Structures are given as C-alpha cells and as structure tokens.
Amino acid sequence: MKRYIITLQAPDRKGLVEQIANVISRHNGNWLDSEMRHFDGLFAALLQIEAPVENWDDITDALACIDDLSLTSSAALLTNKPSYQLNYQMVANDRPGLVLEISNQLHQIGINIEKLSSQFEPASHSGIPLFKAHFQISATTQINEDDVEQALYALGADVLVDKMS
C-alpha cells in the first residue's frame with residue numbers, strides 16, 4: 001500500500017462524490033483525508049488515499065473516465081510531522097495581496113502554513129468586504145505565540161487574530 005494525493009475539479013452535480021468514492025473503493029483504495037468545496041458551480045477536492053501500487057494506474061484511469069472531471073495526482077511524500085503546531089483564526093478588511101502578506105510575515109519568523117481555509121464575505125452591519133481565515137501553522141522548534149501575533153498584527157490596524165485551542 002502506498003499513499004497518493006489527488007486533486008479533482010468538475011462541474012458540480014449530484015452523485016459526484018459517490019462516483020469518486022466508488023472508483024477508489026472498487027480498486028481496494030482507502031480514503032484517508034480530504035477537503036472538498038463548491039465554488040461558483042464547480043466542485044473542487046483534494047484527497048489523500050492509500051492504495052495498492054499495482055492498482056494506482058487503474059484508479060487514475062477510472063477517475064479520468066468520469067464526465068468532465070479533471071485531475072492531477074502524485075505519490076505522497078511521507079515526512080516527519082513538525083513538533084509544534086498552532087491554530088489561528090483571523091479577520092481583516094479584504095484587500096488584494098493579503099494572503100501574500102500573511103505568508104511573508106509568517107515565513108520571516110520560520111513558520112510554515114500547513115492548512116488555510118479562507119472566506120470572503122461582507123461585514124453584517126457595514127457591508128465592508130472581509131477576509132476570514134482559519135489556519136494551522138507549524139515549526140520544527142517551539143513557536144513563540146507573541147512573535148506570531150506581532151507578525152500578523154503588523155499587517156494593519158484592521159486585523160483581528162485569535163489563537164484556537
């Protein structure tokens with residue numbers, strides 16, 4: 001058994017996840033982890049599966065036969081997990097380049113972004129466009145929470161940051 005990463009995109013429709021799961025199951029694959037979203041009529045997914053090496057080509061061929069589904073895939077690179085991880089939630093006024101600013105600030109203090117989930121939505125009372133994000137960060141050495149918060153608050157007076165448990 002080997003682990004693989006698959007990215008998928010298709011026009012969203014009923015039964016699509018079932019079709020994908022059927023292909024993986026039919027070829028003795030095991031669905032380990034996934035993130036799936038619907039964006040403006042499109043289904044997008046990132047999957048981690050485990051499957052027998054001899055079945056891998058059959059899995060990708062069968063997935064490619066699903067109508068209008070595009071995919072990329074590769075063998076997973078198994079690495080040691082970082083020793084230190086923290087989760088944060090952030091809200092700021094939306095602006096172009098904000099994710100670049102966040103990633104630059106964290107990179108400068110030796111932090112890796114492992115997971116990022118973000119949303120764009122208007123503020124409930126004012127309608128001002130907001131950027132909301134949940135992210136998991138990691139480092140191989142102890143993370144100084146004050147350094148993380150200072151780096152994120154340096155992005156502007158509009159930034160709110162909460163460390164999640």
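Each reported figure results from applying straightforward, stated rules to the coordinates on display, with no laboratory input. None of the values given here were measured: they were computed from a predicted structure. Note that we place each Cβ from the backbone using ideal geometry, even for glycine, and neighbour counts take in every protein chain shown.
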| remark: At the level of C-alpha centres, the distance separating region 20-43 and region 96-156, in angstrom, is 28 Å
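Determine the sum of side-chain charges near V23: Lys and Arg each +1, Asp and Glu each -1, restricted to other residues whose C-beta is under 14 angstrom from that of V23. Mind dumping the intermediate values first?
On the way: positive: R26; negative: E18, D57, D58, D61, D67.
Net charge around V23: -4.
Suppose a student asked you for the relative contact order of region 84-164, using Cα pairs under 8 Å spaced at least 6 residues apart; what percent would you report?
On the way: 135 pairs, mean separation 37.9, N = 81.
Here the relative contact order equals 47 percent.
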| message | Using 21 Å as the Cα-Cα cut-off, could you pick out the over-long pairs in K81/K132; K2/K81; K81/K115; K14/K132? | response | K81/K132; K14/K132
| remark: Under the rule rounded for a/c under 1.5, else prolate if a/b exceeds b/c, else oblate, using alpha carbon gyration tensor axes a ≥ b ≥ c, the chain is classed as oblate
| field | Relative contact order of the chain, defined on C-alpha pairs under 8 angstrom at six or more residues apart (%) | value | 23 percent
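Given the rule -39500 (n - 2.57) for each run of at least 4 DSSP H residues, summed and divided by the residues of the chain, what is its mean residue ellipticity at 222 nm, to the nearest 500 deg cm²/dmol? Don't skip to the answer; put the middle values down first.
Numbers: 4 runs with 40 residues, N = 165.
Value at 222 nm, helices only: -7000 deg cm²/dmol.
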